[in-house]
Amino acid sequence: MALPAQFSLLDSELNGFLFAPMGTEKSVLSALTRLNIDPWAEGARLANLPKEAAVRALALVIALFPQEHRSAADVGEIAARLVELLPRRSAAVSPADAGAQARRMRVPAIWLFWIGLGLTLVTLAARGLLPWQ
């Protein structure tokens, strides 16, 4: 079975980030794997964050390596260099996309309302508290 395109090592938009050297680790991929962090999921998560937030989040991960004795400035520089290799997501959302997203968020709320109402009616009926019983 073939991997989805986002996990393909040949075409991945995360390759520049994942295979970048990181200190004594051969790559970001091996470093994240050693920390038991899914490299592709982490790369995608960081790519969706604003640049400053991604740098801070990655700096925290880099600081987890006890073998590396780095200053906070070094960790920040490494994180900033690596974040530059991430694909950037468009921050602008078109009005059509915003409307579709709002509708998707509204649907579960409507279903929850109707399920809650149904459960309330069933509970009241089971206790014989409905006025028409």
In this structure, is Val28 assigned by TED's automatic domain parsing to the domain that holds His69, among the hydrophobic types (A, V, I, L, M, F, W, C), surrounded by 14 or more Cβ atoms within 10 Å (Cβ to Cβ) and at pLDDT 90 or above?
no
Is it fair to say Arg106 is surrounded by fewer than 12 Cβ atoms within 10 Å (Cβ to Cβ), at pLDDT 65 or above and either among the charged types (D, E, K, R) or not in a helix (DSSP H, G or I) (or both)?
yes
Scanning the stretch 23-44 residue by residue, the ones that are of a type outside the set (Val, Ile, Thr) and assigned to a helix (DSSP H, G or I) total 11
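Kindly indicate the residue of the stretch 35-90 that is more than 19 Å from the chain's Cα centre (by Cα) and among the hydrophobic types (A, V, I, L, M, F, W, C) and also nearest to Glu13 (Cα to Cα) among those meeting that condition.
The extreme case among them is Ile78.
The values are calculated or read from the model by the stated rules, or taken from the named source; none is laboratory data. These numbers were taken from a predicted model, which means no experiment stands behind them. Cβ atoms come from the backbone with ideal geometry, glycine included; neighbour counts cover every protein chain shown.
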